[in-house]
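Undergrad: The structure's right below; bear with me while I get my questions together.
Every number in this text was worked out from the coordinates using simple rules, so none of it is lab data. What you see is a predicted model; the values in this text were computed from it and never measured. Cβ sites come from the backbone with ideal geometry, for glycine too, and all protein chains shown count toward neighbours.
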Amino acid sequence: MNLAIFALTKNGIQLARNFSQRIDVDLFTNPKNFKKHVRYAFKKYDGLIFIMATGIVVRTIAPLLKNKAEDPAVVVLDEKGKYVISLLSGHLGGANNLAKDIAKIIGAKPVITTATDVNNLPCIEDIAERFNLAIEDFKKIKIVNSAIVNGRPVAFVVDDAKRLKAIKKEAGSREWGAGFKFYKSIFQIKHNKTDVFVIIANNILPHTPHPTSRILLRPKDLAVGIGCDRGVALKEVESAYFSVLKKWDVSPLSVRNLASIDVKKNETGLLKFAGKYNLPISFYSKDELADMPLPSGFSKFVMGKVGVGGVCEPAALKSAGTRKIWIKKQKLGRVTIAAAKVPFTVAKNSDI
């Protein structure tokens with residue numbers, strides 16, 4: 001994490017300096033304009049550490065708060081270093097883990113107040129992070145976490161068999177109140193009293209009995225290959241990209257990255273598109289792409305232009321690490337789009 005630490009008193013500043021020798025942080029010790037520096041840090045840093053009274057921190061950051069998805073982690077320490085309080089963005093922002101890490105370093109006691117942690121229960125944010133899932137509507141988080149804390153059943157509907165098995169193995173192995181129920185399809189649920197649903201799927205609008213009490217988690221498992229003519233504009237790439245996703249009923253949140261051939265490394269329209277939507281893009285040489293399948297067939301035209309019989313499909317396959325295409329080449333104007341699904345694997349360190 002990109003961290004900043006603030007201290008105002010003599011003892012607090014000394015603790016901050018000692019701490020900075022053990023972990024990489026930017027120091028803000030007794031700044032002349034404290035509020036101005038906090039406003040700056042709130043936008044720039046992933047986590048803010050304050051060594052001062054909690055009341056000062058609350059009053060200072062209150063006007064800066066936006067939402068769970070954007071606010072940085074905020075942790076507060078007393079100047080004697082006895083307690084480390086996770087104050088803001090405990091789960092999504094990582095403040096809970098940051099507080100625990102700091103506590104270990106300085107020998108303090110972490111103070112965590114989120115209900116799921118206090119009751120040794122999982123939260124939907126941790127499950128999403130563990131299985132590389134994007135949360136579509138952050139306002140729905142409290143619906144699911146409230147059900148978990150209060151022992152109400154939660155139905156997980158997962159359209160990928162391997163991912164379903166992994167989540168069921170991990171989540172189903174613990175005593176979590178009324179527990180979780182697991183289904184491959186919403187249509188498997190019959191005569192079920194569950195009123196909270198966690199839907200894990202790529203498609204945009206999956207059907208559920210109670211749409212207001214569901215949360216959609218998007219597997220970030222699609223590599224989108226893009227081919228384009230020289231001089232293509234951002235709007236052309238943008239239009240083609242979203243048209244294909246809409247046609248195939250795919251949520252943009254499911255896209256992990258873009259991929260193309262290396263001769264497009266300086267294609268301004270493509271690069272601007274990737275930057276606008278914060279999508280990483282991988283570029284491959286013609287030799288790397290030549291080893292991949294061409295599901296839609298060999299193109300003499302493309303071969304004449306870039307030295308390989310296709311771009312979008314082999315780039316998507318190469319990036320995803322598979323030889324099975326998910327969305328075949330779609331040509332829209334001067335842009336071609338294809339997509340491959342990244343095979344599901346369980347990362348090491350299975351704690352959630």
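Undergrad: Could you grab the relative contact order for region 1-106? Cα pairs under 8 Å, six or more apart, rounded to a whole percent.
TA: The normalised contact order for region 1-106 reaches 25 percent.
Undergrad: Another question, then. Identify, among F180, V84, L271, the residue whose Cα sits farthest towards the positive end of the charge dipole of the chain, taking +1 on the Cβ of Lys and Arg and -1 on the Cβ of Asp and Glu, with the dipole about the Cα centre.
TA: The residue sitting most towards the positive pole is L271.
Undergrad: Please get the size of the charge dipole for region 222-341, origin at its Cα centre, with Cβ charges of +1 on Lys and Arg and -1 on Asp and Glu, quoted in debye to the nearest 20.
TA: For region 222-341, the charge dipole is close to 220 debye.
Undergrad: Only Cα pairs within less than 10 Å get springs; with that Gaussian network setup on the chain, which residue of G310, G94, G321 has the largest fluctuation?
TA: G321
Undergrad: Report, to two decimal places, the Cα Rg of region 3-113 normalised by 2.2 N^0.38 Å (N = number of residues). List each step's numbers first, then the result.
TA: Numbers: Rg = 12.5 Å, N = 111, 2.2 N^0.38 = 13.2 Å.
Ratio of Rg to 2.2 N^0.38 Å for region 3-113: 0.95.
Undergrad: Let me ask something else. Straight-line reach from K165: which lysines fall under 21 Å, measuring Cα to Cα and dropping same-chain residues less than 8 apart?
TA: K181, K184, K190, K220, K341, K348
Undergrad: Set the bar at 19 Å for Cα to Cα. Now go through K235/K264; K246/K329; K300/K329; K162/K246; K80/K104; K32/K82 and name every pair that lies beyond it.
TA: Flagged as over cut-off: K162/K246; K32/K82.
Undergrad: How high is the relative contact order of the chain, in percent, with contacts defined as C-alpha pairs under 8 Å that are six or more residues apart?
TA: Reported as a whole number, the value is 11 percent.
Undergrad: Quick one: among A161, A259, A316, which has the greatest mean-square fluctuation in a GNM of the chain with alpha-carbon springs under 10 angstrom?
TA: It is A161.
Undergrad: In the chain, what percentage of the DSSP-assigned beta bridges are antiparallel, given to the nearest 5?
TA: Working: 19 of 57 bridges.
In the chain, DSSP labels about 35 percent of beta bridges as antiparallel.
Undergrad: What's the local net charge at V57, with K and R +1, D and E -1, over the other residues with C-beta under 15 Å away?
TA: Surrounding charge for V57 is 0.
Undergrad: At a Cα cut-off below 17 Å, give the aspartates and glutamates reachable from K318, other chains included and same-chain residues fewer than 8 away excluded.
TA: D221, D262, D287, E288, D291
Undergrad: For K109, give me every one of the aspartates and glutamates with a C-alpha distance below 12 angstrom, ignoring sequence neighbours fewer than eight places off in its own chain.
TA: Qualifying aspartates and glutamates at Cα under 12 Å: D78, D101.
Undergrad: Here's something else I'd like to know. log10 I(q)/I(0), Debye, Cα-only region 222-341, no solvent, q = 0.09, 0.21 Å⁻¹?
TA: -0.19, -1.17
Undergrad: What number, rounded to the nearest 500 deg cm²/dmol, is the helix-based mean residue ellipticity at 222 nm of the chain, given -39500 (n - 2.57) per DSSP H run of at least four residues and division by all its residues?
TA: Mean residue ellipticity at 222 nm (helix-derived): -9500 deg cm²/dmol.
Undergrad: Next up: Given Cβ point charges of +1 (Lys, Arg) and -1 (Asp, Glu) and nothing else, what value in debye, to the nearest 20, does the dipole of region 3-113 about its Cα centre take?
TA: 280
Undergrad: Taking the Cα centre of region 39-83 as origin, work out the dipole magnitude from +1 charges on Lys and Arg Cβ and -1 charges on Asp and Glu Cβ, in debye rounded to 20.
TA: Using Cβ point charges on Lys, Arg, Asp and Glu, region 39-83 gives about 100 debye.
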